[in-house]
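The values are calculated or read from the model by the stated rules, or taken from the named source; none is laboratory data. None of the values given here were measured: they were computed from a predicted structure. Because the Cβ atoms are built from the backbone with ideal geometry, glycine has one as well, and the counts that use them run over all protein chains shown.
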Amino acid sequence: MADGIKTRRGSDREETVDDGGNRFPQSLFEHSSLRFSHLFQKAVLFSTNYSGLLRMPLRSRFPRIYALSSNDIKVGSNIEVDGAPYRVLEFLHVKPGKGAAFVRTKVRNYITGNTVEKTFRAGSMIEEADVMKEKKQYTYKDGSNFVFMDMATFEETRLSAAELGDRTKWLKEGMDCNLLFWNGRVIDLELPITVKLTVTDVDPGLEVTLHKGDRSLQRSKLELL
């Protein structure tokens, strides 16, 4: 017990007396200690949850609006035309002998998958699509849906086989992928640039015909590692 503070045991309860003779029920100190412990636990819990929130993807329901000059267009740029997001596949700056310069592009619609050509006047401002890329891990298949998880927040995103198309054959549990979001919805999936495959079955004539450029390799069975 600290100097100047004494504890006395009464008939039915303990009291703490300071140098001035003031008496305080021991239960008061016990209650204060419990209260402090409770507040400390809540502070730790808040700190843990807050740090988790900082790791969550900052995806907004309200897309940000950016302007991009047609002169700055490059392969991979995301632009928005007539309310739809496009990815630039090719571009060419054209300066004709007569008339104004322009930029000819080939773009792919994220929503429909269609590829079209669009032309913009040189120096004109184009709305840049607010496309966000988030790293996810393919975890498992649930019926006809493929489940991707953010390993930092454990948030799950489910995509149907129709949305993924033929990319489903390259998916393997534990594979890291990139999901592209626009206006709060998934518009594309980026698979790893390379994958490891193991040959599980080979056409018997493969060793003989491989040197002749035969397409027997296409008849072999491949399995993702």
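Within segment 106-121, is even one residue assigned to a loop (DSSP other than H, G, I, E, B), in the same structural domain as Glu90 (by TED's automatic domain parsing) and in contact (Cβ under 8 Å) with a residue 40 or more places away in the chain?
Keep residues of segment 106-121 that are assigned to a loop (DSSP other than H, G, I, E, B), which gives 110-114.
Pick out the ones that are also in the same structural domain as Glu90 (by TED's automatic domain parsing) and you get 110-114.
Keeping just the survivors that are in contact (Cβ under 8 Å) with a residue 40 or more places away in the chain gives 110-111.
There is at least one residue in segment 106-121 that is assigned to a loop (DSSP other than H, G, I, E, B), in the same structural domain as Glu90 (by TED's automatic domain parsing) and in contact (Cβ under 8 Å) with a residue 40 or more places away in the chain.
Matching residues to (1) at pLDDT 75 or above; (2) within 29 Å of the chain's Cα centre (by Cα); (3) on the phi < 0 side of the Ramachandran plot; (4) assigned to a strand (DSSP E or B):
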position: Leu179; (1), (2), (3), (4): yes, yes, yes, yes
position: Leu189; (1), (2), (3), (4): yes, yes, yes, yes
position: Pro192; (1), (2), (3), (4): yes, yes, yes, no
position: Val195; (1), (2), (3), (4): yes, yes, yes, no
position: Asp203; (1), (2), (3), (4): no, no, yes, no
position: Val208; (1), (2), (3), (4): no, no, yes, no
position: Gln218; (1), (2), (3), (4): no, no, yes, no
position: Glu223; (1), (2), (3), (4): no, yes, yes, yes
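Residue check: is Val103 under 20 Å from Asn178 (Cα atoms), aliphatic (A, V, I, L, M) and not assigned by TED's automatic domain parsing to the domain that holds Phe148?
Details: under 20 Å from Asn178 (Cα atoms): no; aliphatic (A, V, I, L, M): yes; not assigned by TED's automatic domain parsing to the domain that holds Phe148: yes.
The answer is no for Val103.
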